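Here the structure comes first, spelled out in structure tokens, and everything after it is commentary.
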Amino acid sequence: MNKVAIVKQRLIELLTQAASEAQQLGKLPSVALPEVAVEHPQNPEHGDYASSFPLKLARATGVNPLAIAENMVGLIVSSPEIDTITVAPPGFINFTLKSDWLTRQVDSILVAGDSYGSVDLGRGSRVQLEFVSVNPTGPLHVGHGRGAILGDALANVLTATGYKVEKEYYINDAGSQIDAFYRSLYARYQQCLGIDAEVPTGGYLGGYVTDLAKEIIAETGDRFLALPEPEAVLQLGQLGLDRMIKLIRSDLELLGVTFDVWFSERSLYDKGQYQTAVSLLRQGGYIAEKEGAIWFVSTALGEDKDNVVVRGDGSPTYFASDIAYHYDKFLVRKFDKVINIWGADHQGHVSRMKAVVGALGIAPERLKVIISQLVTLRRGDELVRISKRSGDIITLREVVEEVGTDACRFFFLSRSADSQMDFDLELAKKQSVDNPVYYVQYAHARIASILRLAQQRGIDYGDGDVSLLTTEPELTLIRKMLLLPEIVEIVAHTLEPHHLAYYAQDLATVFHSFYTQCRVVSRDDEILTKARLKLVAAAKLVLAKTLNLMGMTAPEKM
RNA sequence: GCGCCUAUAGCUCAGCGGAUAGAGCAUCGGUCUUCGGAACCGAGGGUCGUGGGUUCGAAUCCCUCUAGGCGCGCCA
């Protein structure tokens with residue numbers, strides 16, 4: 001299915017073989033072979049693939065790299081995909097693919113259909129992807145949207161690469177922030193009913209809390225006033241919490257993001273994971289009591305400082321929950337791999353969480369944490385505050401409604417998670433026509449339109465002969481289409497979905513260029529028309545697959 | 001002070017050990033008898049933050065420094 005990836009792998013095999021044969025023949029000193037790397041040269045004159053293996057080998061052996069290359073080329077077995085193998089100074093081996101092999105891939109892509117671009121790397125191993133997991137104490141803002149899109153796109157790619165993926169949202173429904181939210185809501189509730197009350201210090205001041213209180217009053221009246229305060233805070237709070245979670249869920253759905261599991265923090269205490277996890281750590285000698293609190297002795301694992309698990313007042317910290325949570329992920333639910341996507345403000349939490357995982361006897365490599373850097377929102381030059389507690393916020397929902405789901409997703413995926421980004425609302429709107437999103441989608445719609453025309457004219461291109469696709473624009477398009485499996489592989493490996501966005505643009509560019517140079521549906525040449533219809537249909541498939549992996553729509557018309 | 005992230009074209013960003021550093025936007029100049037001009041073709045524009053080092057080869061790896069961001073709670 002993944003022909004190019006196989007070619008790449010095949011080339012690596014061939015090179016390795018050639019090298020060891022050269023060693024056996026005494027043409028090369030017997031040293032341990034360095035890793036064989038094969039890549040796409042940026043200059044097309046250097047072929048489809050190139051390897052600098054001889055240069056690497058030269059370092060290990062002290063032999064002239066050109067001589068190594070020459071020796072190896074003579075020993076490389078011929079292969080049906082490969083046209084020419086050449087040596088280029090200072091010691092590259094360049095490969096060119098046979099164009100008839102290339103054109104045949106059009107048929108292969110059409111046969112593969114939706115599964116084209118999928119590569120089985122995971123072999124069914126189970127991956128949990130936990131992301132967003134925002135405290136349900138307020139609506140989502142743009143920064144959360146970034147994590148949401150990142151996670152969702154990664155889930156798509158990992159699924160396409162043979163992993164069994166579960167998407168999970170961790171609901172922080174325990175702890176002091178929830179408390180503050182409950183009390184804030186109660187205060188607003190009282191205020192709306194004419195009672196003098198104040199939002200406690202450290203509480204949530206956003207107008208949405210008042211809105212929430214009003215909604216609850218509209219539906220259930222003032223019945224919580226009759227309850228004693230602690231009871232009222234709790235009951236009203238839980239009502240508010242449920243609504244908050246529903247709101248978050250619907251905001252995410254607007255972005256096209258859904259979850260398989262909504263996991264409650266509180267359940268970790270109800271079901272005993274917390275107790276078990278801590279006793280495991282205690283057995284390992286990682287738990288100590290000092291200064292009236294219970295600590296995780298992370299210094300024993302090379303951390304800068306120890307961390308409190310249970311406060312002096314007996315209440316567990318959020319760190320305690322996370323210990324239990326990761327115990328549950330790995331030792332109860334037994335995921336092979338766990339990926340957490342956190343905001344930049346949680347960076348400091350990464351190493352101690354890895355330490356916990358190690359202390360629980362789990363190989364720390366099984367936990368991957370992706371840190372997505374901050375998003376700042378602005379309108380032109382004006383910075384927009386997005387802090388939940390301070391009051392005025394622009395919600396993710398407002399942004400999505402203003403900019404559109406597909407554009408939002410593409411925008412978020414266009415930058416690596418490592419870079420901070422500015423989300424300029426003015427620009428996002430102003431650019432909507434020139435937006436790369438539309439450029440890519442337009443290519444897809446354009447193909448759809450061509451296929452519609454063909455259908456109108458009653459052309460059945462099922463018997464199209466792809467070997468007629470010999471011109472440069474056609475072959476360039478095919479070569480680009482054949483890159484998708486490699487991109488998918490890279491994304492699955494690096495967990496960096498932004499490569500998809502760049503690939504999508506590249507592919508669209510190559511298609512548009514082909515389009516202006518090659519007439520597809522022509523009355524003069526029915527045979528060529530059929531061949532090109534096949535090409536275009538395959539391109540449509542690849543474009544759609546790429547867009548779908550990003551969680552975007554591939555429109556037939558726009 | 002310590003940890004993490006970032007610094008590449010006017011702007012927003014890719015590239016992260018290979019052969020002449022790329023894209024989009026912006027600027028300038030071209031392309032329409034026929035499939036969607038939301039398009040295509042071309043041009044200009046770069047001491048890859050600084051200074052060292054490793055290497056046959058460095059934007060890419062290591063160290064120094066500078067600038068910006070985020071952390072360093074018995075908050076989450």
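Only helical DSSP H runs with n ≥ 4 go in: add -39500 (n - 2.57) per run for chain A, normalise by residue count and round the 222 nm mean residue ellipticity to 500 deg cm²/dmol.
Counting only the DSSP helices, I get -16000 deg cm²/dmol.
Answer with one residue from A:Q275, A:S184, A:T546: the one whose Cα lies farthest towards the positive end of the charge dipole of chain A, charges on Cβ with Lys, Arg +1 and Asp, Glu -1.
A:T546
Using the Kirkwood radius over C-alpha pairs as Rh, can you work out the diffusion coefficient of segment A:435-549 via Stokes-Einstein at 10 °C, viscosity 1.306 mPa s, in µm² per second?
109 µm²/s
What number comes out for the charge environment of A:L254, summing +1 per Lys or Arg and -1 per Asp or Glu over other residues with Cβ under 14 Å away?
Result for the neighbourhood of A:L254: -3.
Starting from the Kirkwood Rh over alpha-carbon pairs, what translational D in µm² s⁻¹ does segment A:3-97 have by Stokes-Einstein at 20 °C and 1.002 mPa s?
For the chosen part, D equals 164 µm²/s.
So which trypsin sites (Lys or Arg not before Pro) in segment A:494-558 end up in coil per DSSP with only 11 or fewer other C-beta atoms within 10 Å? Walk me through the numbers on the way to the answer.
On the way: sites: A:R519, A:R523, A:K530, A:R532, A:K534, A:K540, A:K545, A:K557; in loops: A:R519, A:R523, A:K557.
Those satisfying the criteria are A:R523, A:K557.
Going 7 Å from the Cα of A:K305 in the Cα-to-Cβ direction, what parts of segment A:247-290 have a backbone nitrogen less than 16 Å from that spot?
Answer for segment A:247-290: A:290.
How many nm is it between the label spots at A:D114 and A:Q456, if each spot is 7 Å from the Cα in line with the beta carbon?
If labels sit at A:D114 and A:Q456, their model points lie 2.9 nm apart.
Using a Förster distance of 30 Å, how high is the FRET efficiency between A:Y442 and A:T96, based on the Cβ-Cβ distance and rounded to 0.05?
That pair, A:Y442 with A:T96, gives E of 0.40.
Could you list the GluC sites (Glu not before Pro) in segment A:213-309 that lie in coil according to DSSP, counting only those with at most 12 other Cβ atoms within 10 Å of their Cβ?
A:E291
Give me the percent of DSSP beta bridges within chain A that run antiparallel, rounded to the nearest 5.
Bridges in chain A that DSSP calls antiparallel: roughly 50 percent.
Kirkwood Rh over Cα pairs of segment A:297-450 into Stokes-Einstein at 10 °C, 1.306 mPa s: D in µm²/s?
83 µm²/s
Just want the answer: with Cβ charges of +1 for Lys and Arg and -1 for Asp and Glu, which residue in A:S118, A:A492, A:Y502 is farthest toward the dipole's positive end in chain A?
A:S118
When ligands, DNA and RNA are left out and all protein chains stay put, how many square angstrom of accessible area per residue does segment A:19-102 have with a 1.4 Å probe?
Per-residue accessible area for segment A:19-102 comes out at 52 Å².
Taking 25 Å as the cut-off for C-alpha to C-alpha distance, list the pairs among A:K271/A:K329; A:K167/A:K480; A:K8/A:K98 that go past it.
From the list (A:K271/A:K329; A:K167/A:K480; A:K8/A:K98), the Cα-Cα distance tops 25 Å for A:K167/A:K480.
Can you tell me, using C-alpha contacts under 8 Å and at least 6 residues apart, the relative contact order of segment A:3-97 as a whole percent?
Values: 144 pairs, mean separation 26.3, N = 95.
Contact order relative to length: 28 percent.
Distance from a point 7 Å along Cα→Cβ of A:K368 to each backbone N in segment A:9-24: keep the residues under 11 Å and list them by number.
Within reach of a label on A:K368: no residues.
What percentages make up the Cα-Cα pair-distance distribution of segment A:176-254 when the bins are 10 Å wide from 0?
19, 56, 21, 3
Could you run the Karplus curve 6.51 cos²θ - 1.76 cosθ + 1.60 with θ = phi - 60° over segment A:201-216 and give me ³J(HN,Hα) per residue in whole Hz, x for Gly and Pro?
Here the 3J(HN,Hα) series is 5, x, x, 9, 9, x, x, 5, 5, 5, 4, 4, 4, 4, 4, 5 Hz.
May I ask you to give the percent of accessible area on chain A that is carbon plus sulfur, with a probe radius of 1.4 Å?
50 percent
If I take all pairs of Cα atoms in chain A, what percentage of them are more than 43 Å from each other?
The proportion of pairs with Cα distances above 43 Å equals 35 percent.
In Å², what does the accessible area per residue of segment A:176-254 work out to with a 1.4 Å probe?
On the way: 3960 Å² over 79 residues.
Per residue, segment A:176-254 has 50 Å² of solvent-accessible surface.
Please list A:I490, A:I362 in order of solvent-accessible area, largest first, computed with a 1.4 Å probe with all protein chains present. Numbers along the way, then the final one.
Working: A:I490 75, A:I362 5 Å².
Of A:I490, A:I362, the descending order of accessible area is A:I490, A:I362.
Put a dot 7 Å past each Cα toward the Cβ at A:R523 and A:E426; how far apart are the dots in nm?
5.2 nm
With an 8 Å Cα cut-off and a minimum separation of 6 or more residues, compute the relative contact order for chain A in percent.
Reported as a whole number, the value is 16 percent.
Pairs to check: A:K164/A:K354; A:K290/A:K334; A:K368/A:K557. Give those whose C-alpha atoms are more than 28 Å from each other in this structure.
The answer is A:K290/A:K334; A:K368/A:K557.
Could you list the GluC sites (Glu not before Pro) in segment A:1-95 that lie in coil according to DSSP, counting only those with at most 13 other Cβ atoms within 10 Å of their Cβ?
Answer in residue order: A:E35.
Please give the Cα centre distance for segment A:412-489 versus segment A:267-320, rounded to the nearest Å.
Taking the Cα centre of segment A:267-320 as reference, the centre of segment A:412-489 is 52 Å away.
Please work out how much length the chain gains when fully extended from A:S351 to A:R333, using 0.36 nm per residue of separation minus the C-alpha to C-alpha distance, in nm with one decimal. Please report the intermediate quantities before stating the final value.
Details: separation 18, 0.36 × 18 = 6.48 nm, distance 2.24 nm.
Length gained between A:S351 and A:R333: 4.2 nm.
Nearest 20 debye, what's the magnitude of the dipole of chain A about its Cα centre given +1 on Lys and Arg Cβ and -1 on Asp and Glu Cβ?
Working: 57 positive and 69 negative charges, 142 e Å.
Its charge dipole is roughly 680 debye.
Per-residue HN-Hα couplings for segment A:254-265, Karplus 6.51 cos²θ - 1.76 cosθ + 1.60 at θ = phi - 60°, whole Hz, x for Gly and Pro?
4, 7, x, 10, 10, 10, 7, 9, 10, 9, 8, 4
If you stretched the chain out fully between A:A226 and A:I6, how much longer would it get, using 0.36 nm times the residue separation minus the C-alpha to C-alpha distance?
72.1 nm
Per residue of segment A:69-86, what does 6.51 cos²θ - 1.76 cosθ + 1.60 with θ = phi - 60° give for ³J(HN,Hα)? Whole Hz please, x for Gly and Pro, Karplus curve as stated.
Working through the residues one at a time gives 4, 4, 4, 5, 4, x, 9, 7, 5, 6, 9, x, 7, 8, 8, 10, 10, 10 Hz.
Taking 0.36 nm per residue of separation and subtracting the Cα-Cα distance, what length does fully extending A:R378 through A:S416 add?
Values: separation 38, 0.36 × 38 = 13.68 nm, distance 1.96 nm.
Fully extending the segment from A:R378 to A:S416 adds 11.7 nm.
The values are calculated or read from the model by the stated rules, or taken from the named source; none is laboratory data. From a predicted model like this one, the values you see are computed outputs, not experimental measurements. Cβ sites come from the backbone with ideal geometry, for glycine too, and all protein chains shown count toward neighbours. What goes into the accessible areas is simple: the full protein's heavy atoms, side chains included, and nothing from ligands, DNA or RNA. Shrake-Rupley method; radii C 1.70, N 1.55, O 1.52, S 1.80 Å.
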